[in-house]
Each structure stands twice: as structure tokens, then as C-alpha cells.
Amino acid sequence: MNKLSNTFDIVIEQAFDFLSPEYAELFDRSAATAFQHPIWLHCVYARLAPESGATPLVVVVRHRATRALAMVLPLLRIRRGPIRTVEFADLRVSDYLAPVCSPELFSQLLDDAAACAEIRRLVHPFDLLRMTKLPDGRLPIENLLAASRRVAMDTNAYATVLVAPFEQWRASAIDRSYQKELAKKSRQLQKKGALSFSCCNDSASVLEALEVMKKFRGPRFQAQGDGDLLQRPEYLGFYSDVALRGLGAFVRLYAMKMDGEVIAAVLGLSHRDSFLIIMSAFDIAGYKSQSLGALMFEQVARDCIERGDQMLDFTIGDEPYKKLFGGQPSPMWAVTKTGSTVGTVALFALNQAPWLKLAAKRLSDLRLLPARTPTPTR
């Protein structure tokens, strides 16, 4: 029989309320990322998990003496064919994954052998436990779960430090020749009509911009062979819900318009003096030679600087354009642990034959099951 912790009570709460005041307070004092924000996780569990055949596995740790929240570990149980997996609540929409806990409290948990043992017991059974998209320098979840050492993923995240005024940041972050090229493209674009750039401030403009994003992104990602999440009703509903709930605080949706029609849009999250870009779309067919994407990112950076943001985070993916705006790479990490012979065989096969990952991902997509993609099609 497992010995219980004298300090913490640990349970699984499938119906945990991520919009509760106690979770908001825990999140504010934690080392979590924007992708563990109350609104984000509420929408993942409410909107996406039921459509994906995933079962909530929310590990909740409370201080026994006060009943106050100490840590929340937002996980999911997902069956992929014959493989029972335990994963972070991601479902292809999150870029950074982390326990919701302060570094100090996490250290206390690691020192509590009984608490660690109880957490490990509760996440069983599984064939394969996979924790991907772990940011560099964050809490060592592998120690909590008795998993092997983290390994580097085959993709990085990119962010650029912002400094005021905008002209100073542009001069230091963007190559001089590229600055001139963007200035030329901007002049060309302005000659085509009445050009405007703004941040959506009401539900009507948000929904309009998202519908336009869906229209622009469909052909683009279909041509790449991976499809686009916005084309699926459950994902369009997810992003719409997040944007409307977080509008004006947690979420910003930028739109560039030509003669009143949206021609480019960028959706992102505002978190601790950083703006994290999670999705973008551009009318490439209508403006082939104007570099809409680059001009849009330049305007986003300008607005972020004027708001006092310290970082523009392009998130996961090694797309070359990120370096053009001063984006510096940061490694991403993954942790795996097997819980059965089936899981051991599956992990070995995936490591030995990378093409199986692509085949498994495509199979999961066809069945509307989530799959981890090193460079998400967002």
C-alpha cells in the first residue's frame, strides 16, 4: 500500500473548473505559459477534448492544511489505435506545455516521495506517456513522473526582444537591406487603395477576421498536404471561443484591411509582457508580390512596442521568416515513459522509423484524433 503524503492531497478531477478564481490565482503565481491560461485550458477541455475522443486527466494537488491549490497537471488520456497514451492537454493547438505550479512548490513536491508516488500512480495505466513541447529551462516534469531524461525535439521556438521606440527595434532586429525592401513593399501596397491596420475590439470584427483567416488558410495548407485546423468546425469553434472570451486582455487579433476588406490577420496571446503569435493568414493570391506577411508582422511588432511588450514570440516552428525579424531559436524538449510492453515496442518503432510518425499522424487526422506535429499547421 502506498504511503500518503503528509502535506498534500492529490486527486484526479475530470471536471476541474479552469475558470475558477482559485485556478486563476494559481496560474498567476505559477511558472506556466500562456497555453495553460484559464481561458485556453477551459476551451481545450470543453471544445476539443470531447470531439477528439480524449478523456480528461487533470491531476490536482492541494495543501492538506488549507485546501489551497498547489499544482494542476492538465493531462489527457488518448487511445491511438491499440496504444493508450497519456499526454498534456494539447490537441495540436498549444505550443508550450508546463505544469501549473510555482518553482518553489514544485521543488517541495519533488522532495515529497509519497506525493510523487501518488501522482505517478494516478496517471497510470498507460502504454506510452508523452510530454512534448516543453520549453527550455522550465520545471523538470520528468523528475516528477520518474521518466527518462528529456530529449531535444526536432524543432525550435523563436522570439525577438522588443525595445522602444519601434525604429530602434527595427534597426537592430531587421537587416538594413530587408528594411528597405519592406519599405518599398509598403509603398506599393498603399498605392492599391485605402490601407488600414488595427486590433479587433468587438465580437463582430473578431468573427469576421477568423472567417477570412479560414478562407485564406484552406488552399494554402491543403497544397502542403497537411490540411488546416481552421477548416474543422471544432477547431474554428475553439479559436473563436478563445478569442471572444479573451478579447481585450488575453487575446489580440490584428487585421489589415484594403478598402474595408480584410487581407491579412494575426491571432496571438498576450502573457506577461510577451505577445505570442499562434496563427496568421494572408491574401497571398491577391497580393503575390507585396509580402503581406512580413508587412503584417512589422506592424504587429510596432503595436506591441507601443503597448509596452518586451517580447514578440513567434512560438514553435523553424520557418525562415522568423530570423528576418530578429527571432532567436530556443530548444524544445520532450519526455517519454513507457508503461507496458506494447508501449516499449511502439516507442522503439517510432524512434527507429521516423516515417511511422507521419503515417500515424495522418491516420489520426483522418479519424479526427489529435496528433503532435513538430511544426503545427496553425
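Asp127 passes all but one of (1) of a type outside the set (A, V, I, L, M); (2) closer than 27 Å to Val300 by Cβ; (3) touching a Ser or Thr at 6+ places or on another chain (Cβ under 6 Å); (4) not assigned by TED's automatic domain parsing to the domain that holds Ala294; which number fails?
Checking Asp127 against (1) of a type outside the set (A, V, I, L, M); (2) closer than 27 Å to Val300 by Cβ; (3) touching a Ser or Thr at 6+ places or on another chain (Cβ under 6 Å); (4) not assigned by TED's automatic domain parsing to the domain that holds Ala294, the one that fails is (2).
Is it the case that the stretch 25-42 has a residue that's assigned by TED's automatic domain parsing to the domain that holds Leu122, hydroxyl-bearing (Ser, Thr, Tyr) and over 18 Å from the mean Cα position of the chain (by Cα)?
Residues of the stretch 25-42 that are assigned by TED's automatic domain parsing to the domain that holds Leu122, as a first pass: 25-42.
Subset that is hydroxyl-bearing (Ser, Thr, Tyr): 30, 33.
Subset that is over 18 Å from the mean Cα position of the chain (by Cα): none.
The answer is no; no qualifying residue exists.
Got a number for residues in the stretch 1-33 being closer than 27 Å to Arg80 by Cα and in a helix (DSSP H, G or I)?
Qualifying residue count for the region: 0.
List, please: which pairs have Cβ atoms under 8 Å, are six or more places apart or on different chains, and start with a residue in the stretch 314-333 that is crowded, with 20+ Cβ neighbours inside 10 Å and end with one that is basic (Lys, Arg) and part of a helix (DSSP H, G or I)?
Hits for this filter: Phe314/Lys322.
Sort through Leu182, Leu230 and tell me the only one that's crowded, with 16+ Cβ neighbours inside 10 Å and either under 19 Å from the mean Cα position of the chain (by Cα) or not assigned by TED's automatic domain parsing to the domain that holds Lys288 (or both).
Leu230
What residue, of Ser198, Ser177, is at pLDDT 95 or above, under 26 Å from the mean Cα position of the chain (by Cα) and surrounded by fewer than 17 Cβ atoms within 10 Å (Cβ to Cβ)?
Ser198
Scanning the stretch 252-285 for residues that are acidic (Asp, Glu) and within 15 Å of Ser196 (Cβ to Cβ), which turns out surrounded by the fewest Cβ atoms within 10 Å (Cβ to Cβ)?
Taking the stretch 252-285 first, the residues acidic (Asp, Glu) are 259, 261, 273, 283.
In the following step, the residues that additionally are within 15 Å of Ser196 (Cβ to Cβ) were identified as 259, 261, 283.
On the way: Asp259: 10, Glu261: 13, Asp283: 19.
Per the criteria, the residue is Asp259.
crowded, with 21+ Cβ neighbours inside 10 Å, within 24 Å of Phe250 (Cβ to Cβ) and of a type outside the set (Ser, Thr, Tyr): is that true of Ala24 in this structure?
no
Quick one: is Ser148 at pLDDT 95 or above, of a type outside the set (D, E, K, R) and out of contact with any strand residue (DSSP E or B) (no Cβ under 6 Å at 6 or more places or on another chain)?
No; evaluated as a whole, the condition is false for this residue.
Which residues, counting only those in the stretch 108-129, are closer than 15 Å to Lys337 by Cβ, among the charged types (D, E, K, R) and surrounded by fewer than 21 Cβ atoms within 10 Å (Cβ to Cβ)? Quick ask: steps written out before the conclusion?
The first filter runs over the stretch 108-129 and keeps only residues closer than 15 Å to Lys337 by Cβ, leaving 116-117, 119-129.
Now drop any that are not among the charged types (D, E, K, R), which leaves 120-121, 127.
Scanning the stretch 108-129 gives Arg120, Arg121.
Residues that are of a type in the set (Asp, Glu): which strands (runs of 3 or more DSSP E) entirely in the stretch 52-107 hold 1 or more of them? Write out each step before concluding.
Numbers: elements: 55-63, 69-80, 83-88.
Of the strands (runs of 3 or more DSSP E) lying wholly inside the stretch 52-107, those with at least 1 residues that are of a type in the set (Asp, Glu) span 83-88.
Would a scan of the stretch 162-172 turn up a residue that is touching a residue at least 40 places away in the same chain (Cβ under 8 Å), outside any helix (DSSP H, G or I) and of a type in the set (S, T, N, Q)?
No, because not a single residue in the stretch 162-172 is touching a residue at least 40 places away in the same chain (Cβ under 8 Å), outside any helix (DSSP H, G or I) and of a type in the set (S, T, N, Q).
Based on this model, can you work out whether Ala49 counts as out of contact with any helix residue (DSSP H, G or I) (no Cβ under 6 Å at 6 or more places or on another chain), part of a helix (DSSP H, G or I) and among the small types (Gly, Ala, Ser)?
yes
Please go through (1) surrounded by 14 or more Cβ atoms within 10 Å (Cβ to Cβ); (2) outside any strand (DSSP E or B); (3) at pLDDT 95 or above for Leu139 and return the number of the only condition it doesn't satisfy.
Answer for Leu139: the failing condition is (3).
The values are calculated or read from the model by the stated rules, or taken from the named source; none is laboratory data. None of the values given here were measured: they were computed from a predicted structure. Methodologically, a virtual Cβ is constructed for each residue, glycine included, from the backbone with ideal geometry; neighbour enumeration extends over all protein chains shown.
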